[in-house]
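Participant: Starting off with a structure, shown below.
The values are calculated or read from the model by the stated rules, or taken from the named source; none is laboratory data. The structure presented is a predicted model; accordingly, all values stated were derived computationally and were not measured. Ideal geometry is used to build each Cβ from the backbone, glycine not excepted, and the neighbour counts take in all protein chains shown. Ligands, DNA and RNA are stripped out before the accessible areas are found, and what is left, the full protein with its side chains, is counted by its heavy atoms. Shrake-Rupley method; radii C 1.70, N 1.55, O 1.52, S 1.80 Å.
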Amino acid sequence: MGVRRVWTGNEACAEAAIAAGMRFFAGYPITPASEIAEVLARRLPEVGGSFIQMEDEIASIGAVIGASMAGAKSMTATSGPGFSLMQENLGFAAMAEVPCVVVDVQRVGPSSGVATHPAQGDVMQARWGTHGDHPVVALAPWSSRETYDVTVKAFNISERFRLPVVILSDAMVGHMSEDMEVPGSLEIVERPRPGVPPEEYQPYRAAGDGVPPMASFGDGYTWYTTGIVHDDTGFPCTGHPPTIDRAIRRLNSKVTEDVAMYEEYWLEDAEAVIVAYGSVARWALAAVKGLRAEGCRVGLFRPVILWPFPARELAGALGRAALAVVPEMNLGQILGEVERAAPKDVRVVGVNRVDSRMISIQEIAGVVKEACSS
Amino acid sequence: MTGGFARTIQTYLRPERLPTIWCQGCGNGIVIGALIRALAGSGVRREDVVVVSGIGCSGRASGYLNLPGFQPTHGRALPFATGVKIANPSLMVVAIMGDGDCLSIGGNHFLHAARRNLDITALVLNNSNYGMTGGQYAPTTPKGGLTTTTPYGNAERAVDIPALAQVAGATYVARSTSYHALELSGYIKRALVHRGFSVVEALCHCPTQYGKMNRLGSPVNMLKLQRDLAVSQARAASMPAGELAGRIITGEMVKPEGQGEEDYTTAYARVIKRAMEQARPVEETHECIPSLSGGYDPPLGKPTLLRVG
């Protein structure tokens, strides 16, 4: 049994990162993510870790990746504008296969948008923000407690598969204080380490599971890497198309294990299914409860992992349904994924707000009822 | 080349990665040779060095060196190096950057790495232009200089790297040229062993792009030009300003005095010490508030949250 705390999502995120073994944080102030940095500036040195406020977000993610290469579990936290600035270096982390966690506490965009209000406009940026085909994992928590759990999982997935993992929180989840239980014990995963002597080590010779063991700078292994397409040795191989092809394809297929995380509510007989994630799912669940009380056969599918999108699981959840309703604080970013996953006879309808306000229970319920009757 | 240095070269280079992609007559090889001499003379084991390089001609240097290292994104060698150094302060971290890489796209990072006095050596290979992309003008291109993007002469003024490093707070700063290879190597060695942010500018001839555009002649001519234009700091101090135009002032512009200023990781170690002394047991840091609401409304059915592998 863990202790109980009243924490905002941002506080829960910072504490979870320390519990997961994170010992290096670099960041740049931005609303609504700054509390993560503030908590860690105080807490990290208490546990022997390092906090640094860098000159911008580009430098922040650079330092995070560098620290991870020197062996430290590392993290940064930001919001939309800063997340945009981080994209190029995130591509380096994907290409050089450096574990790291990036928290994006989403606010209204594009550009400066509305700094203090929630949105979900960075879903596609998390997926396709950096250039080229690259792997990504993104998780969207809906509460303080889930932010804690998802932060620990983000480190575990990042270390296990050697890739950047994005936490797509939002201003509502990040700033809302909630009573929560802090887990008493955690499952912690460490990155695969080389088992061969330094002279035999090839930094990108993948093990059977597609994930190469990773040495740290300073542990005796003289290894090299670059953002240029490289072969098993880590050195550029830009003149050999089959090697380039193999390298890019391995990067994009190494998340082989089932990482699908989602919740299902009353799907057994659901004729209409609401698909909602992050803070919006709280209102969606309330809408489902209200509609159920009125006798409406409606359920909720809540993906906690957004990338890779749990398409197979969603397709199963839509088994009996004729309608999928997708409320989002954007103009329909996950909507397209739902359309791709849904069986052909399922109608997909979006409920979208981009005016800095939460989507109300009534709005969601109203769309479900209207669509059900039409 | 003495037998001893030939062996050193063998140890510090990766012969299987040679020849380099650099043009015939390029100055980069001379500067990297000076770096190797300095590293060999520093007494630090190769495994305890990390070389982080930028993007561009000189950025490829990290891949030819038989040292742990990497080549991240354009302009960002110093932020990446910052993470490496803080995560493992026992490592000797060297950032090899070109002039455009370090001072244009990476200019902001240069200022702040210097201000923090991180114990990193920044070796800036200044060839006066962007060589790899075809000879465009850089913040180091002399006023009036011809490049593919200043076909009528450069209207901008060139940055003075040591002056900028000094005002930004670097605690060791020096400049030399690819002609003065041994002097350069001496400066790099002092930079490596100095505990703090060190900047060594190596003026480096680029015969293929800048030299050709400005009719500076063969690589040998360009080296002779460096010899003739170079003037030591001490001599420059007694020369009238008018005579200094177009000259290359060499020497150690900033040298630590006595103990020198405290470097970043030493300062942060004290932060950690203070935080650990002041830290209260975790149970006391937050008030325990009993749950009033029972947490978030449990759903009617049991939700399935799938576990991650």
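Participant: Any idea which of A:SER144, A:SER60, A:SER68 is over 29 Å from B:THR265 (Cβ atoms), within 14 Å of chain B (Cβ to nearest Cβ) and crowded, with 24+ Cβ neighbours inside 10 Å?
Facilitator: Going through A:SER144, A:SER60, A:SER68 in turn, just one is over 29 Å from B:THR265 (Cβ atoms), within 14 Å of chain B (Cβ to nearest Cβ) and crowded, with 24+ Cβ neighbours inside 10 Å: A:SER144.
Participant: Moving on to the next point. Any residue in region A:269-284 that is open to solvent by 30 Å² or more (accessible area, probe 1.4 Å) and either at pLDDT below 95 or in a loop (DSSP other than H, G, I, E, B) (or both)?
Facilitator: yes
Participant: Follow-up. Residue under question is A:MET180, and the condition is that it be at pLDDT 95 or above and part of a helix (DSSP H, G or I); does it hold?
Facilitator: No: the conditions fail for A:MET180.
Participant: On to the next question. Would you check if B:ARG195 is open to solvent by 80 Å² or more (accessible area, probe 1.4 Å) and more than 18 Å from B:ASP119 (Cα to Cα)?
Facilitator: Judged against the criteria, B:ARG195 is not a match.
Participant: Test of understanding: among B:ARG60, B:ARG76, which residue is of a type in the set (D, E, K, R), buried (at least 23 other Cβ atoms within 10 Å of the Cβ) and either without any contact (Cβ under 8 Å) to a residue 12 or more places away in the chain or over 21 Å from B:LEU13 (Cβ atoms) (or both)?
Facilitator: Unique residue meeting the criteria: B:ARG76.
Participant: When you go through (1) part of a helix (DSSP H, G or I); (2) open to solvent by less than 10 Å² (accessible area, probe 1.4 Å) one by one for A:MET95, which number turns out not to apply?
Facilitator: (2)
Participant: State all residues of region A:44-57 that are open to solvent by less than 10 Å² (accessible area, probe 1.4 Å) and in a loop (DSSP other than H, G, I, E, B); if no residue qualifies, say none.
Facilitator: Of everything in region A:44-57, those that are open to solvent by less than 10 Å² (accessible area, probe 1.4 Å) and in a loop (DSSP other than H, G, I, E, B) turn out to be A:GLY49, A:MET54.
Residue-wise test of (1) open to solvent by 30 Å² or more (accessible area, probe 1.4 Å); (2) assigned to a loop (DSSP other than H, G, I, E, B); (3) aliphatic (A, V, I, L, M).
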residue: A:ASP149; (1), (2), (3): yes, no, no
residue: A:SER169; (1), (2), (3): no, no, no
residue: A:LEU186; (1), (2), (3): yes, yes, yes
residue: A:GLU190; (1), (2), (3): yes, yes, no
residue: A:ASP219; (1), (2), (3): yes, yes, no
residue: A:ASP232; (1), (2), (3): yes, yes, no
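Participant: Given the conditions (1) of a type outside the set (Asp, Glu); (2) more than 7 Å from chain A (Cβ to nearest Cβ); (3) crowded, with 24+ Cβ neighbours inside 10 Å, and given that B:GLY41 satisfies all but one, which numbered condition is not satisfied?
Facilitator: (3) is the only condition that B:GLY41 fails.
Participant: Right, another one. Name the residue that is nearest to the other protein chains (Cβ to nearest Cβ), counting only residues in region A:1-25 that are more than 18 Å from the chain's Cα centre (by Cα) and buried (at least 24 other Cβ atoms within 10 Å of the Cβ).
Facilitator: Among those residues, the one meeting the criterion is A:PHE24.
Participant: Could you tell me whether region A:357-374 includes any residue that is in a loop (DSSP other than H, G, I, E, B), of a type in the set (Ser, Thr, Tyr) and without any contact (Cβ under 8 Å) to a residue 12 or more places away in the chain?
Facilitator: yes
Participant: From the list B:ARG235, B:ARG280, which residue is open to solvent by 50 Å² or more (accessible area, probe 1.4 Å), in a loop (DSSP other than H, G, I, E, B) and out of contact with any Pro (no Cβ under 6 Å at 6 or more places or on another chain)?
Facilitator: The match here is B:ARG280.
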